[in-house]
Amino acid sequence: MSKKLFKLLSLLLVLAMSISFALPLGNVDAYAKKKVKINKKELNLVTGERKKLKLKNSGLADEEITWASSNSAVARVSRHGNVTGLLKGETTITATVNATGKKYECHVTVEVPNPNERVIDPTKPIIALTFDDGPSIYTEGLLETLNSYGVTATFFMCNDNCGSNLIPKYADLIRAMYNSGNEIANHTMRHPQLTKCSSSKMEEEIGGNRDKIESVIGEQDTVLLRPPYGSYNDTVKSVCVTPIILWSIDTEDWKVKGQSNATDKIMELLKKEAKDGGIILMHDIHQTSCEAVKTVVPWLISQGYQVCSVSEMFEARGITLENGEVYSKCSVTAEQYNSQN
């Protein structure tokens, strides 16, 4: 045998051994003999929806494939190929076979559902997002963020807290908020501690602010109340003639307002406290809080939460909010709902 032929055969042997070590033999055979393809070339999602992609006929385990999204703000993909729609837009999901570098692509389009037509699924995790003290100059941008993710929230508004006659001033914005599925609720006229007020003062603060809200969005069967500072007593409960909504997840966003790391601090608390049925407290009078929502909402969606208003959450779980009763969370979780139904 000539030296050139010997070297060629040796090189081919080394190459064959390298391939065999790079990919298990059974997978090499499957990958070589079968027509491997991604199960979907096009995928349409709405925000919050999750669907699975996979490589058909590959014979490869999950750890032998790397999944990636070209725009993870629009849709994220897990290492198992589960794709979650987050934000309206388009992205490309790529599955790469680690051993060969072969790539398979799926084009993903994410749309925003109409919040007024959206159905909250009680069998899946739900979390309510709430904002206090507005409206403010930052509320319009916050609404754009919520709309872009197809989620809703409850806004507890004050007419004369961070300005005067704010509800009529922002009437067009408030109607836009309401018409896009958000809940407009009561946080009193001037943000006093109600437990230090006389009964007549309570009635003025609560009833006067409710009148302002209804002058903008129309008369409502129920306008939820959040007493300032979460402070209430039996007199407050008897005067308000409406359900009282507190919170179970305090982001303490007011403590970090204006700070460059505000979003990180808010997320740190949220990740510790977020639970199915929870009510999140934030404030739309702080620019840093409204900016943080751009991180808060996609994280919640990626964790499997349906993000909505307080009333939407309780209605989905079949709970009627009673006047004069106090609620800090939804007492029925998805697990409990599933076991009871």
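Just one of the listed residues (Gly150, Gly134) is more than 23 Å from Glu252 (Cβ to Cβ) and touching a residue at least 60 places away in the same chain (Cβ under 8 Å), namely Gly150. The single condition among (1) in contact with a Pro (Cβ under 6 Å, 6 or more places away or on another chain); (2) farther than 26 Å from Glu204 by Cα that Tyr170 does not meet is (2).
Tell me, which strands (runs of 3 or more DSSP E) wholly within segment 53-142 include 1 or more residues that are of a type in the set (Gly, Ala, Ser)?
Qualifying strands (runs of 3 or more DSSP E): 65-69, 75-77, 82-85, 89-97, 126-132.
Per the listing Ile213, Ile249, Ile217, the residue uniquely on the phi < 0 side of the Ramachandran plot, surrounded by fewer than 21 Cβ atoms within 10 Å (Cβ to Cβ) and among the β-branched types (Val, Ile, Thr) is Ile217. Within segment 289-332, the residues that satisfy the criterion of being polar (S, T, N, Q) and surrounded by 18 or more Cβ atoms within 10 Å (Cβ to Cβ) are Ser289, Gln306, Ser309, Ser311.
Within segment 174-197, how many residues are more than 22 Å from the chain's Cα centre (by Cα) and either in a helix (DSSP H, G or I) or farther than 26 Å from Leu300 by Cβ (or both)? Residues that pass the stated criteria total 11. When segment 258-291 is filtered for residues that are among the basic types (Lys, Arg) and in a helix (DSSP H, G or I), the ones remaining, listed by number, are Lys265, Lys271, Lys272.
What tally of residues in segment 244-256 results from selecting those that are touching a strand residue (DSSP E or B) at 6+ places or on another chain (Cβ under 8 Å) and more than 20 Å from Val307 (Cβ to Cβ)?
Going through segment 244-256 one residue at a time, the tally reaches 2.
For the condition surrounded by fewer than 21 Cβ atoms within 10 Å (Cβ to Cβ), on the phi > 0 side of the Ramachandran plot and of a type in the set (S, T, N, Q), Asn165 qualifies.
Under the condition of being within 27 Å of the chain's Cα centre (by Cα), surrounded by fewer than 17 Cβ atoms within 10 Å (Cβ to Cβ) and not in a loop (DSSP other than H, G, I, E, B), the residues counted in segment 220-246 number 2.
Read-outs throughout are calculated quantities, based only on the coordinates presented, and are distinct from any laboratory measurement. Quick caveat, the model's predicted, so the values are computed rather than measured. Virtual Cβ from ideal backbone geometry, glycine too; neighbours counted across all protein chains shown.
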